[in-house]
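The values are calculated or read from the model by the stated rules, or taken from the named source; none is laboratory data. Predicted model only: the values in this text are computed from it and were never measured. Here the Cβ positions follow ideal geometry from the backbone for every residue, glycine too, while neighbour counts run over all protein chains shown. The accessibility values were calculated without ligands, DNA or RNA, using every heavy atom of the protein model including side chains. Shrake-Rupley method; radii C 1.70, N 1.55, O 1.52, S 1.80 Å.
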Amino acid sequence: MLRISAMNANNKKMWDVIVIGGGVIGCAVTRKFTLMGAKTLLLERGGDILSGASKANSALLHTGFDATPGTLELECMQDGYREFIDIREKMNLPLLKTGALVVAWNEEQLNKLPSIVDQAHTNNVMDVGMIDKEELYRREPHLAQGALAAVEVPGESVIDPWSTPLAYLTQAVKHGAEYQFHCEVTSGELNAGIWTLSTSKGEFSARLVINCAGINGDIVESICHPSPFEIKPRKGQFLVYDKAAAADINAIILPVPTAITKGVLLSKTIFGNLLLGPTAEEQQDRWKAEVKQDVLQDLIDQGSRMLPSLHNYSVTATYAGLRPATEEKYYRINDYPEKQWICAGGIRSTGLTAALGVANHLGKLYQENFEALFELSPPTDLIWPKMPMLSEYEERDYQCKNNGGIVCHCELVTQREIEATFDSDIPPECLGALRRRTRVMMGRCNGFYCSSQVAEIINGRFDNTLAVEAVK
């Protein structure tokens, strides 16, 4: 195939790859293609990465013990798990090795436990096994009475759901990738081997387009061809309990899954809280993820039946997110060489774990079917960005000297941490981005005590409406 120069006829920059969607998959894919040596641009319709489905998840690193054997999802999860373990220390990303327990509360669930173990072994997660009631309560003394047994999954862990994809994109940016926020792709045309995408920020051109648009994936896919899938948003609501509650469990507490849902879990968070959720609610609206009081009350009741001591603790935060479910459970990953297009769609709750694996799989698709589109120029020496440490279980900046003092006392966020985000490779462009990068205003007071000081620090960095929002 004839190679095309790096400038198009209008002297606009020509990209090798445009990635649509800045969720965890889009960030990982941008990193992968940049490190492979492609000139890569990420376009995101929101004001920051993780503006869609990726911002609301359970933050678990999964072994794939319960994934459907032989699927691409399992392959990507386990590949992503391995790569995350391999690179996380280089990027200063935390890992809380809690393990998980799949708890049976009745005879029907008890009878399913052996098949869960068998499936885990089929998936080559060989350290999974059953423990009896006595051992379960020895490990988890605060569980409600009535549990019969459990399946132990030692490799399940908790990670930082926001710093992790930020690290992926940061490494890409350090090697030449670029990004655009508030940049919704509305249409596109493939002409003479070049995709021209129309967006809310103008036109961008590339030789290869990769659709990682998540909840908007079918709409973006229709730019290339009639979408072979339809996004059916599935809402998950979560409750975050006060940090003291996290001491009442040791492992991630999982229910025995049903054919419809994996159910409600209890888990520590990397930030020191206890997480309860998610629900699984079908809805038509793909943008509004509203928290509903009656559903949250039911969630509280479910959690308290598993862990009665939850009645002693306050709920400090609630949130909801939409998962990009489709008509099928499996990932909707396909490549279309004649259209110079790859789709990574329908990636739901396992996306945080699978992201690096999905990116590797897309890299293989490129090597098999798209290599003639452009030349790769991979970096000779990799730069490994060090992310700020936000884990409650590791040394934090407030414990170090010359940090400028603590601004947010609920989450122990220092002035130095806040100011450093504005000098980073991907500075926050909105208040939500600042919160996700530092945890400021995300504690039990929800910014009541620190918002004025935060507004003073960010004054002039965002537009005036955001500065006012910070004071509220």
Quarter of the Cα convex hull surface for the chain, i.e. its orientation-mean projected area (nm²):
22.6
To the nearest 10 degrees, the tilt of helix 24-36 (Cα long axis) against the first principal axis of the alpha carbons of the chain is 50
Taking H as built 1.01 Å from N, whose amide H comes closer than 5 Å to the amide H of CYS183, not counting residues under 5 places away?
GLU44, ARG45, GLY46
In whole percent, what relative contact order does the chain give with Cα contacts below 8 Å and a gap of six or more residues?
21
Kindly provide the helix-only [θ] at 222 nm of the chain, computed as the sum of -39,500 (n - 2.57) over DSSP H runs of four or more divided by all residues, to the nearest 500 deg cm²/dmol?
-9000 deg cm²/dmol
What pairs from LYS55/LYS339; LYS112/LYS232; LYS13/LYS201; LYS55/LYS232; LYS39/LYS364 go past 20 Å between their alpha carbons?
LYS55/LYS339; LYS112/LYS232
Bin all alpha-carbon pair distances of region 397-458 at 5 Å intervals from 0 and give each bin's fraction as a whole percent.
4, 21, 33, 27, 13, 3
Two-site label geometry, LEU148 and ARG444: point separation in nm, points 7 Å out along Cα→Cβ:
3.8
Paramagnetic label zone (point 7 Å from Cα along Cα-to-C-beta, THR122; backbone N under 14 Å) in region 141-163
none
Acute angle (nearest 10 degrees) that the helix 351-369 long axis makes with the longest principal axis of the chain, alpha-carbon atoms
30
Could you work out how far helix 107-122 tilts from the main Cα principal axis of the chain, as a 0 to 90 degree angle to the nearest 10?
40
Label point distance in nm, GLN284-ARG416, each placed 7 Å from Cα along Cα→Cβ:
5.4
Can you figure out the FRET efficiency of THR68 with ILE131, using R₀ = 25 Å and their beta-carbon distance, to the nearest 0.05?
0.50
Of the accessible area of the chain, with the probe set at 1.4 angstrom, what percent is carbon plus sulfur?
48
Quick one: the Cα spread of region 364-436 along its three principal axes, in angstroms, biggest first?
54, 27, 22
Alpha-carbon centroid distance for the pair region 361-412 / region 18-88, whole angstrom:
13
Calculate, in nm to one decimal, what ILE85 and LYS364 gain on full extension: separation in residues at 0.36 nm each, minus their alpha carbon distance.
98.3 nm
What whole-number value in Å² describes the accessible area per residue of the chain for a 1.4 Å probe?
42
Relative contact order of region 133-244, please, whole-number percent, based on alpha carbon pairs below 8 angstrom and at least 6 residues apart.
13
Collect residues whose amide H, placed 1.01 Å from N in the peptide plane, falls under 5 Å from the amide H of CYS408; neighbours closer than 5 in sequence don't count.
VAL413
Among THR258, ALA177, GLY99 the positive-end extreme of the charge dipole of the chain (Cβ point charges):
ALA177
In debye, nearest 20: dipole of the chain around its Cα centre with unit charges on the Cβ of K, R (+) and D, E (-)?
800
Farthest toward positive dipole pole in the chain [+1 Lys/Arg, -1 Asp/Glu at C-beta], among GLY64, GLY321, TYR398:
TYR398
